[in-house]
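Undergrad: If you scroll down you'll find the structure; I have some questions about it.
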Amino acid sequence: MCSLCGILGCDDHWTNAVERPGIYTRNHDSQSRRVETSRRLNAANTVLSYRRLKLDLWQGRSYVLSSPTGASSVFEALSHLWPEAETLAGRDFDPLDENLISWMEDQRS
Amino acid sequence: MTPVILLTGFLGSGKTTLLQRLLTDPSMQGAAVLINEFGDVGLDHHLLDRIDDNVVLLKSGCICCTVRGEVADALSNLDSLRTRGEISFDRVVIETTGLADPYPVLQTLTAHPVLRSHFTNGGVLTTVDAVNAGGQVEHRAEAARQIAAADRIVLTKTDLVAADDVARLKQRLSKINPGASIYTTLDSVESLVAGFGPGDHIVPAARATQPEDHVCDAHCDHAHHHVSHHHDDQLGIISFSLIIDAEIDWTMFGTWLTLLLNRYGDRIFRVKGILAIAGEDRPVAIHGVQHLVHAPTHMEHWPEGPRQSRLVFILEDLSPDLIKRSFAAFTGLAQVRTAA
């Protein structure tokens, strides 16, 4: 449970911080939260698709990561995303790997 | 939120002596102190003049691997005592063991479900022994991590070393951590603590590393990712900055940095910077230590100078050029998607 807002499964990752004075976040209201969550899923899925994984939101507060073989993992905080993805894929997600960089460059072009 | 100042530094570098001096300053009179020692019998708390309920000695053990829960318990206990009105304090100083990596304590403050709503990172103050620093930094990874994590560095025992050697040491420390301001024990306590906090010198740090490897001309209108870096030949530690003229997509940047720190957080001692986020008038400051990134700060206004993003990294055995290319690949993708 989040100690700030009292919501079960509250995610206070730095990219998704709970709104408080002086802190940059897009968690202003339900609409901005939904928009940013959608953007975050798109961004993560762009990278995850490199190893054929997919991230979805479950009931608005948990994340479900799934593989093409049907394996899945459920977690509540974004800080768990990449360790879970590496476990599910059985391989690293290395942003300095030449192949992943080239693949991301191809996605851009 | 109560700020927690982390006082760290290698064994024998003068942490307790500095703490004694700090506690004499009026601004520090409301400080509670946690002391961690490595050894069966703790002595440091006896060396402090002011022994009262606000000084807590943590049990023996290295703070970086065994007492993270104990730090949390001690802070929770202090907060409970304050809530009951039994003690009062307006900040906490944690003196770590000389062998401690500062990161786990900072992580405890950020991640602990209760502490994070009562305490905040008040900055890392690192003592460096001017007599022995050279060997310690070369041979002890802990010493290098403590310097890299510092917001302010205090050089101790400078009276035992020639002025030229002190100047050379300052130069070397600036290469390892260009963002930290460097003081000596000859500086006043007031100056050591004035305005102290995490990301103390984010902007000057970013400015200190201006682009050196790129010359723009009239035809040069692309988004720049300048890289400049300083290298400590004896350490394999590099500090470098990325400077980005284009506005950054916050979501993709967050994805990239989280991914980078997940894989290389143990080699990225420090990352901090000021960002021009697409759609935001004011800059956003970020700072992180190893795997940990603190909640980003929304700054009130842009500092003087060009309105561009600047990210400073202090890392070991990673290629700045590869990080630059990775950054461009990930955030470039985000720009295309935003335009679409």
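Undergrad: Residue by residue, what Karplus-based ³J(HN,Hα) values in Hz, rounded to whole numbers, does the stretch B:175-188 have, using 6.51, -1.76 and 1.60 with θ = phi - 60° and x for Gly and Pro?
TA: 6, 5, 9, x, x, 8, 7, 10, 10, 10, 5, 7, 6, 5
Undergrad: Sticking with this structure for a sec: At 1.4 Å probe size, with every protein chain present, just tell me what the per residue accessible area of chain A comes to in Å². Write out the running numbers ahead of the final one.
TA: Details: 5690 Å² over 109 residues.
Spelled out: the 1.4 Å probe surface of chain A, per residue, equals 52 Å².
Undergrad: Additional query: Just to verify a number: what accessible area does residue B:124 come out at with the full protein assembly present, 1.4 Å probe, Å² rounded to tens?
TA: Looks like 0 Å² after rounding.
Undergrad: Averaged over peptide A:18-30, how many Cβ atoms belonging to another chain are found within 10 Å of each residue's Cβ? Write down the numbers at each step before the final one.
TA: Working: counts 3, 0, 3, 2, 7, 6, 14, 5, 4, 0, 0, 0, 0.
What the average comes to for A:18-30 is 3.
Undergrad: Rank by packing, highest mean first: peptides B:157-168, B:237-248, B:83-94, with packing defined as the count of other Cβ atoms within 10 Å averaged across residues. Show your work: numbers first, answer last.
TA: On the way: B:157-168: 13.3, B:237-248: 21.6, B:83-94: 15.1.
The packing order, highest mean first, is B:237-248, B:83-94, B:157-168.
Undergrad: Can you give me the long-range amide H partners of residue B:237? Hydrogens built in the peptide plane at 1.01 Å from N, cutoff under 5 Å, separation of 5 or more residues or another chain.
TA: Correct list: B:232.
Undergrad: Please go through the residue pairs B:15/B:324; B:272/B:324; B:170/B:324; B:175/B:272 and name each one whose alpha carbons sit more than 26 Å apart in this structure. Please report the intermediate quantities before stating the final value.
TA: Numbers: B:15/B:324 37 Å; B:272/B:324 15 Å; B:170/B:324 28 Å; B:175/B:272 15 Å.
Those over the limit are B:15/B:324; B:170/B:324.
Undergrad: Just how far, in whole angstrom, is the stretch B:277-338 from the stretch A:49-77 if you go by their alpha carbon centroids?
TA: Between the Cα centre of the stretch A:49-77 and that of the stretch B:277-338, the gap is 27 Å.
Undergrad: Take peptides B:293-301, B:177-185 and line them up by average Cβ neighbours within 10 Å, highest first, as a rough protection proxy. Please report the intermediate quantities before stating the final value.
TA: Details: B:293-301: 17.4, B:177-185: 20.9.
So the peptides B:293-301, B:177-185, ranked by packing, come out B:177-185, B:293-301.
Undergrad: Using per-residue counts of other Cβ atoms within 10 Å, averaged over each peptide, order B:317-330, B:254-267 from highest down.
TA: Values: B:317-330: 18.2, B:254-267: 20.6.
Output ranking for B:317-330, B:254-267: B:254-267, B:317-330.
Undergrad: Another question about this same structure. Hey, got the dipole for the stretch A:14-108? About the Cα centre, +1 on K and R Cβ, -1 on D and E Cβ, debye to the nearest 20? Kindly include the intermediate steps, with their values, before the conclusion.
TA: Details: 12 positive and 13 negative charges, 88 e Å.
With only Lys, Arg, Asp and Glu charged at Cβ, the dipole is about 420 debye.
Undergrad: Quick check: with the 1.4 Å probe, what order do A:103, A:14, A:58 take by accessible area, largest first? Kindly include the intermediate steps, with their values, before the conclusion.
TA: On the way: A:103 60, A:14 20, A:58 130 Å².
Final ranking, largest accessible area leading: A:58, A:103, A:14.
Undergrad: FRET efficiency for residue A:98 and residue B:280, Cβ-Cβ distance as r, R0 = 41 Å, nearest 0.05? Show your work: numbers first, answer last.
TA: Values: r = 33 Å, r/R0 = 0.80.
For R0 = 41 Å, the calculated efficiency reads 0.80.
Undergrad: Further question: In nm, to one decimal, how far is the modelled label at residue B:88 from the one at residue B:73, with both set 7 Å along Cα→Cβ?
TA: So the two model labels end up 2.9 nm from each other.
Undergrad: So what's the stretch A:14-108 giving for Cα Rg divided by 2.2 N^0.38 Å, two decimals? Please list the in-between numbers first.
TA: Numbers: Rg = 14.5 Å, N = 95, 2.2 N^0.38 = 12.4 Å.
That works out to 1.16 for the stretch A:14-108.
Undergrad: Right, another one. From the phi angles alone, apply the Karplus equation (6.51, -1.76, 1.60; θ = phi - 60°) to the stretch B:156-171 and give each ³J(HN,Hα) in whole Hz, x where the residue is Gly or Pro.
TA: So the J values, rounded to whole Hz, are 10, 6, 5, 6, 9, 10, 5, 4, 4, 5, 4, 4, 5, 5, 4, 4.
Undergrad: Now a separate question. In nm, to one decimal, how far is the residue B:29 label point from the residue B:1 one, both placed 7 Å along Cα→Cβ?
TA: Simple spin-label model gives 2.7 nm for this pair.
Undergrad: Between residue B:21 and residue B:117, how high is the FRET efficiency from 1/(1 + (r/R0)^6) when r is the Cβ-Cβ distance and R₀ = 25 Å? Nearest 0.05.
TA: Values: r = 32 Å, r/R0 = 1.26.
So, using R0 = 25 Å, E works out to roughly 0.20.
Undergrad: Averaged across A:95-105, how many Cβ atoms of other chains sit within 10 Å of each residue's Cβ atom? Provide the component values of the computation, followed by the final result.
TA: Working: counts 16, 10, 3, 3, 0, 4, 7, 2, 1, 10, 7.
Per residue, the average neighbour count from other chains is 6.
Undergrad: Report, to the nearest 10°, how far helix A:30-48 tilts away from the longest principal axis of the Cα atoms in chain A, using its own Cα long axis and a range of 0 to 90°.
TA: 20 degrees
Undergrad: Next question. Give me the inter-chain shielding for A:77-86: mean count of other chain Cβ atoms within 10 Å, whole number please. All intermediate terms of the calculation are to be shown ahead of the outcome.
TA: Details: counts 1, 3, 6, 0, 4, 7, 1, 0, 2, 2.
Rounded to a whole number, the mean comes out at 3.
The values are calculated or read from the model by the stated rules, or taken from the named source; none is laboratory data. This is a predicted model, so every value here is computed, not measured. Here the Cβ is made from the backbone with ideal geometry for all residues, glycine too, and neighbour counts use every protein chain on show. Ligands, DNA and RNA are excluded from the accessible area calculation, which covers all protein heavy atoms including side chains. Shrake-Rupley method; radii C 1.70, N 1.55, O 1.52, S 1.80 Å.
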